[in-house]
1. Past the 20 angstrom mark, what percentage of all C-alpha to C-alpha distances in the chain do you count?
2. Quick one: Karplus J couplings for the range 13-23, per residue in order, coefficients 6.51, -1.76, 1.60, θ = phi - 60°, nearest Hz, x for Gly and Pro?
3. Residues of the range 1-44 with amide nitrogen under 19 Å from the 7 Å Cα-to-Cβ point of Ser55?
4. When only alpha-carbon atoms are used, what values of Rg and Dmax, in angstrom, describe the range 46-89?
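Just so it is clear, none of the values below were taken in a lab; they were calculated from the coordinates. Quick caveat: nothing in here was measured; it's all calculated off a predicted structure. Cβ coordinates were reconstructed from backbone atoms using ideal geometry, including for glycine residues, and neighbour counts include every protein chain displayed.
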Amino acid sequence: MNLLDFLSQNYYMLVPALWVIGYGLKQTPSVPDWSILWILVIISVITGSIAFGFSVSGVINGITAAGVAVLGHQMMKQTLEGASARKKK
């Protein structure tokens, strides 16, 4: 089962946008790391609700889009760190 199967195609555009916003937040010293996920969820739900209408499905898709963005980023980051550590051995 693919996580993107749970996400409406209308929300696919949010994932790369959330990556960019998350990167910007990560570079901001006054934003604690633990809050980045919550900020992305709020942005995703609000943006999705404005663009596609406020509904339960819209809120769920907004949360899923933020989850896909964070999971995708962490998968890429952990893979690169693992490959780098493996080369150092």
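1. Taking all Cα-Cα pairs of the chain, the fraction more than 20 Å apart is 40 percent.
2. 5, 6, 4, x, 5, 5, 4, 5, 5, x, 4
3. Answer for the range 1-44: 5-14, 44.
4. 16.5, 52
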